[in-house]
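What follows is a short report on a single structure.
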Amino acid sequence: MGELAPGSLTLALCLAAAAATAAEPAAGARAGWTELSLLNASEAQAAFAAASRANPASRDVRLGEALALLQLRSRTPANFAEAGRRLEDLRRENAADDAGLAATYFLARIQQLHSYTPDRPAAVASYRALLAAHPENYYAQLAAPKLTLLLLYDDVPPPEWERRVAEVQALLPRLTAPEALRDTRLILATAFIRLRLDHARAYPLIASALAAGSVTRMTRLNALLVQAAESAEVLGKPAEAADYYSRFLEEFPHDAKADEIRRRLGDLRRKAGS
């Protein structure tokens, strides 16, 4: 899974993860997984259809056929419903093998994002079940940032929101996939700032991601360096703020914000010298 992104890119990243974690793909199915990870849905369907004719019982192939339906350009209720039916069959037959765990995860993705009638509570329940029963499985790891988004960007009273924050914080030590840990931390940090103006809790999460070098998408790095600097200023950490502004200018010297960042950095240095 890469850094969070909307729409088809998120699906592509999830499908790439499915391809990478598929256990011993059936003969002929590897081409289907490759096409699926490249968002070539029609080619993937053809490859999986050929593999299915050779081995119709293969759960790996059946999973690929279901996911190809989610990727088709014709994003119709019928395609979503058929994909959901196939995934539910896989989960009902065996919820604990690789195909069954993947089916649970992608059913939750349909419930959250790809359905014409999203069912957020059902998606939350599915993600929680994955994390509770199979915390080290890659699909459970993928579920953590998705669950975090659903829990924190819901209109609930402050005590319930804080309870959900505690639930997310309890997940963090259990996340072994670096990208899942990074994204969960950063979603939590963004929620602290956007929803509570809570820089004190957000700043360490952002700083740890930047220190680890785990933010590789440049548009995201751009925004996070500015956010880290601004949070450091709010928290009375001018030296750290200056470090983040300096790093921004090193990474993005020609950015539209560069002149403003230079001004802020100059102000910080003048104050430090006075």
Does any residue of segment 69-79 turn out to be within 17 Å of Trp33 (Cα to Cα) and touching a Lys or Arg at 6+ places or on another chain (Cβ under 6 Å)? no
Could you look through segment 229-274, keep only residues that are free of Cβ contacts under 8 Å to residues at least 12 places away in the same chain and of a type in the set (Gly, Ala, Ser), and pick out the one that is farthest from Ala209 (Cα to Cα)? Ser274
Looking at (1) under 25 Å from Leu151 (Cβ atoms); (2) in a loop (DSSP other than H, G, I, E, B); (3) modelled with pLDDT of 95 or more, which is the only condition Thr190 fails? (2)
If you scan segment 63-99, which residues turn out to be part of a helix (DSSP H, G or I) and farther than 23 Å from Ala46 by Cα? Arg91, Arg92, Glu93
Matching option when the condition is modelled with pLDDT of 95 or more, at negative phi, in contact with a Ser or Thr (Cβ under 7 Å, 6 or more places away or on another chain) and surrounded by 14 or more Cβ atoms within 10 Å (Cβ to Cβ), among Arg164, Arg247, Arg185, Arg196: Arg185
Would you mind stating whether Arg109 is part of a helix (DSSP H, G or I) and touching a residue at least 60 places away in the same chain (Cβ under 8 Å)? yes
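The values are calculated or read from the model by the stated rules, or taken from the named source; none is laboratory data. Only a predicted model underlies this, so the values are computations on that prediction, with no experimental measurement involved. FYI the Cβ positions are ideal-geometry reconstructions off the backbone, even for glycines, and counts take in every protein chain you see.
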